[in-house]
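K.L.:
Here it is, the structure, as structure tokens.
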Amino acid sequence: MSLKQRKCLTAIGTVLLFSIAQISVQVGFAQPAAGGLPVPPQQFIARLTTRNNLAITVNGNGAATGSSILTGATIETGPDQSATVNLGPLGVLDIAPNTKLVLTYDEHGNVKVMLLQGCAVLATRKKTEGEITTQQGSAGKTDRKQGGILDVCFPPGASSPVVNQGAAVAAGAGAGVGAPAGAAAAGAGGLFGIGVPATIAILVGAGSAALTPVFFQNNPSGAV
Amino acid sequence: MLNKTTGPLPQLRLRIGIAVLAILACLLLILVSARTGFSRLVGKYALLTYSIPAANEAVSLAPSDPEAHRTLATVFSHLRLFDGAKNELETATSLRPNDDYLWLELGNVKDELGDTEGALAAFNEAVRFAPYYAHSRWQRGNLLLRMGHYPEAFADLRQAALSNRDFLPNLIDLAWGLSRGDVKATEQLVQLNDDRARIALARFLARHGQAREAVDQFHLAAASATEENKLDLQRQLIDAKAFKEAFELRSGPTNETTAVFYDGGFEGPLSFDEVVFGWRIPREQTGVSISLDATQPQSGAKSLRIQFNGNSNPSASLISQTVLVKPQHRYRINFAVRTQDVVTGALPLISISDAVSGQLLGSSPAFPQASNSWQVLSFEFATLEQTNAVILSLQRNRCSSDPCPIFGLVWLDSFSIEELK
């Protein structure tokens, strides 16, 4: 091998070595950093809204409006608490006061509510099958093609649930839906249309507040 | 020649002019204050009754008061008229742009409307104006979580839990649920950086049946753990039927399970609050009184005295203790008993049952009705394939009548357990 050929081979070898080193460096950079945060698989997460933003109990912890509800969550409401779980494309679950249930759902259009006690209304959209079960078994299912609404109440000590008789809505599930107070007040007359008694109450309150300094002066004895 | 500008008349006019202006300004201020005050009053009424007309009137009385717009938005939100609520909150935030709560409310309303990007923008503003407050970070973290931006979401959620420890159990719960019950991933998502967080995670894991991991986490935080923390975790482990781990937390790690009674001779004090491996005595017992007696112990300085005064539930456990055992092993229990004038249709006895399933594994002979001296009784039992712990209880035989009264005195002492080869 001539000197020229040897130099040529050395140059090619150097270039090859450099190229391999470059690839190694890039592969090394492409690897995920050891000890980095795990990235959980993407999944749909439901959203909680509570009445008047009062905290309810989710998996034993307090949770208010804006909290995330994962599948398998145990949700419990107290005497003056009601809540709504927005299941996005799957539907909506309204929970009445004094209710305890376990909510499971998946991306394949299945929503299941295990109603341990209390009342709930499950409204599912098309392509979603909703079911409410109690300790006695299935209380009802919605049609996957049509979607539908299940209104179920299962009070403590009851032998069987009350299904689709409006009992859950009456118990406060979905409280705040519609415009009961506002609509009622709209035609009530009185100042600002808020009703005569309310108008009188406001005016008397405002008048009393304004006249308080006149009747109750600094010196209560009236002595000069 | 008189200077017109410095004479008494123009000065008077100037003074009157200033006074009139001042009076007008005062009247204006009074009017504005009255309108604002009245607006707030009407607003309070609107919130109590969720009345849209009243809330509208509050706004028309004080259109530049963000609180009036917020009131109307709250009423709209309650009635699920989120479009109206959004408009009012947008006005409110434009009037008072530094209020993080207004931005949070706007974000929540936009989230309700499905406008996640708009909600995120509002939450970003809330975080901008309250970067160290937990509520703003928590809300944004939850939204990011639902948007699938997990790393950013957990950064916010962790920051919120750092600012307000009340969020820590929620953070652990979310990490656990999202990682589908993976302890390691949960730990990494929560990024435990202090002992309080570790103790919280230990409690959570104990509740979710991960006893080994719970104890490991607790040991890592042992330097900062209080006795109350330890007892609390022991309770959680006992509730989860993780007896071995609960015992380990009390006595340190053990490879070999040696069955042993805790204070079998009743020499230590009795406590109603004992929940783990000591003698457990129910707080409420009818017709029975239990005390330590130092008059005639069979061994040591004390024995246990039980006085029956009438009706008591025969199946109720009067005292009990959980004992760690090995599966599929035979054991013998020895104890001393003394009785005085026991009159009943169902005599007391000692029973042993599996701590998890409650299956009866063995029982002693019924106690004698009257024995002036101590008698040592023994009985054997075999543990099941899955038995890791047994519960020894003082109970009564089955009774043919109901109610089933019992009168008299029983003393117990010197409990011991031995493994049979």
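K.L.:
Name the one entry in B:GLU90, B:GLU125 that is more than 34 Å from the chain's Cα centre (by Cα) and modelled with pLDDT of 95 or more.
P.N.:
B:GLU90
K.L.:
Got a sec? Which strands (runs of 3 or more DSSP E) wholly within the stretch A:34-92 have at least 2 residues that are facing chain B (nearest Cβ under 9 Å) and surrounded by fewer than 23 Cβ atoms within 10 Å (Cβ to Cβ)?
P.N.:
Counting at least 2 such residues, we get A:46-50, A:61-63.
K.L.:
One residue is enough: does the stretch B:271-283 have a residue meeting the conditions under 23 Å from the mean Cα position of the chain (by Cα), closer than 24 Å to A:GLY60 by Cβ, outside the structural domain of B:ILE406 (by TED's automatic domain parsing) and surrounded by 14 or more Cβ atoms within 10 Å (Cβ to Cβ)?
P.N.:
Checked against the condition, which is being under 23 Å from the mean Cα position of the chain (by Cα), closer than 24 Å to A:GLY60 by Cβ, outside the structural domain of B:ILE406 (by TED's automatic domain parsing) and surrounded by 14 or more Cβ atoms within 10 Å (Cβ to Cβ), the stretch B:271-283 yields at least one hit.
K.L.:
Within 14 Å of chain B (Cβ to nearest Cβ), farther than 22 Å from B:TYR50 by Cβ and not in a loop (DSSP other than H, G, I, E, B), is that true of A:VAL102?
P.N.:
yes
K.L.:
Let me ask you something else. Could you list, in sequence order, the residues of the stretch A:96-105 that are open to solvent by less than 50 Å² (accessible area, probe 1.4 Å) and either under 19 Å from A:PHE44 (Cβ atoms) or not β-branched (Val, Ile, Thr) (or both)?
P.N.:
Across the stretch A:96-105, the qualifying residues are A:ALA96, A:PRO97, A:LEU101, A:VAL102, A:LEU103, A:TYR105.
K.L.:
Residues in the stretch B:326-339: is at least one buried (at least 20 other Cβ atoms within 10 Å of the Cβ), out of contact with any Leu (no Cβ under 9 Å at 6 or more places or on another chain) and in a loop (DSSP other than H, G, I, E, B)?
P.N.:
no
K.L.:
Name every residue in the stretch B:18-47 that is hydrophobic (A, V, I, L, M, F, W, C) and either at the interface with chain A (Cβ under 9 Å from one of its Cβ atoms) or open to solvent by less than 60 Å² (accessible area, probe 1.4 Å) (or both), in order of residue number.
P.N.:
The answer is B:ALA19, B:ALA22, B:ALA25, B:ALA34, B:PHE38, B:LEU41, B:VAL42, B:ALA46.
K.L.:
Further question: Does B:SER77 satisfy the criteria of being open to solvent by less than 70 Å² (accessible area, probe 1.4 Å), among the polar types (S, T, N, Q), at the interface with another protein chain (Cβ under 9 Å from one of its Cβ atoms) and under 20 Å from A:THR65 (Cβ atoms)?
P.N.:
The answer is yes for B:SER77.
K.L.:
Hey, which of the helices (runs of 4 or more DSSP H) in the stretch B:132-199, taking only ones fully inside, have at least 2 residues that are touching a Gly at 6+ places or on another chain (Cβ under 7 Å) and modelled with pLDDT of 90 or more?
P.N.:
Per the criteria, B:134-146, B:150-163.
K.L.:
Between B:ASP111, B:ASP83, which is among the acidic types (Asp, Glu), in the same structural domain as B:MET147 (by TED's automatic domain parsing) and open to solvent by 30 Å² or more (accessible area, probe 1.4 Å)?
P.N.:
Within the list B:ASP111, B:ASP83, the selection yields B:ASP83.
K.L.:
Only residues in the stretch B:20-44 that are under 19 Å from B:ALA58 (Cβ atoms) count as the first member; pair them with residues that are outside any helix (DSSP H, G or I), Cβ under 7 angstrom, at least 6 apart or cross-chain, and list the lot.
P.N.:
B:ARG35/B:ALA62; B:THR36/B:ALA62; B:THR36/B:ASP65; B:SER39/B:ALA62; B:SER39/B:ASP65
K.L.:
Follow-up question, since we're still on this one. Test B:ARG96 against the stated conditions and say whether it is basic (Lys, Arg), within 13 Å of chain A (Cβ to nearest Cβ) and surrounded by fewer than 24 Cβ atoms within 10 Å (Cβ to Cβ).
P.N.:
Judged against the criteria, B:ARG96 is not a match.
K.L.:
Please state which one of B:SER224, B:SER271 is of a type in the set (Ser, Thr, Tyr), in contact with a helix residue (DSSP H, G or I) (Cβ under 9 Å, 6 or more places away or on another chain), away from every other protein chain (no Cβ under 14 Å) and outside any helix (DSSP H, G or I).
P.N.:
Every option except B:SER224 fails the conditions.
K.L.:
Quick check: is even one residue across the stretch B:207-214 surrounded by fewer than 16 Cβ atoms within 10 Å (Cβ to Cβ) and at pLDDT below 85?
P.N.:
Checked the stretch B:207-214: no residue is surrounded by fewer than 16 Cβ atoms within 10 Å (Cβ to Cβ) and at pLDDT below 85.
K.L.:
Sticking with this structure for a sec: Are any of the residues in the stretch B:143-155 more than 27 Å from B:THR186 (Cβ to Cβ), within 29 Å of the chain's Cα centre (by Cα) and among the small types (Gly, Ala, Ser)?
P.N.:
For the stretch B:143-155, residues more than 27 Å from B:THR186 (Cβ to Cβ), within 29 Å of the chain's Cα centre (by Cα) and among the small types (Gly, Ala, Ser): absent.
K.L.:
For residues in the stretch B:174-190 being within 8 Å of another protein chain (Cβ to nearest Cβ) and in contact with a Leu (Cβ under 8 Å, 6 or more places away or on another chain), which is most open to solvent (accessible area, probe 1.4 Å)?
P.N.:
Only one residue fits best here, namely B:GLN188.
K.L.:
Looking at B:TYR133, is it open to solvent by 50 Å² or more (accessible area, probe 1.4 Å), out of contact with any strand residue (DSSP E or B) (no Cβ under 7 Å at 6 or more places or on another chain), within 22 Å of A:ARG51 (Cβ to Cβ) and assigned by TED's automatic domain parsing to the domain that holds B:ASP65?
P.N.:
no
K.L.:
Still on this structure: So is B:SER251 free of Cβ contacts under 8 Å to residues at least 24 places away in the same chain and either over 30 Å from B:GLN328 (Cβ atoms) or open to solvent by less than 30 Å² (accessible area, probe 1.4 Å) (or both) or not?
P.N.:
no
The values are calculated or read from the model by the stated rules, or taken from the named source; none is laboratory data. Model, not experiment: these values are computed from the prediction. All Cβ positions, even for glycine, are placed from backbone atoms using ideal geometry, and neighbour counts span all protein chains on display. SASA here: full protein model, heavy atoms, side chains in, ligands and nucleic acids out. Shrake-Rupley method; radii C 1.70, N 1.55, O 1.52, S 1.80 Å.
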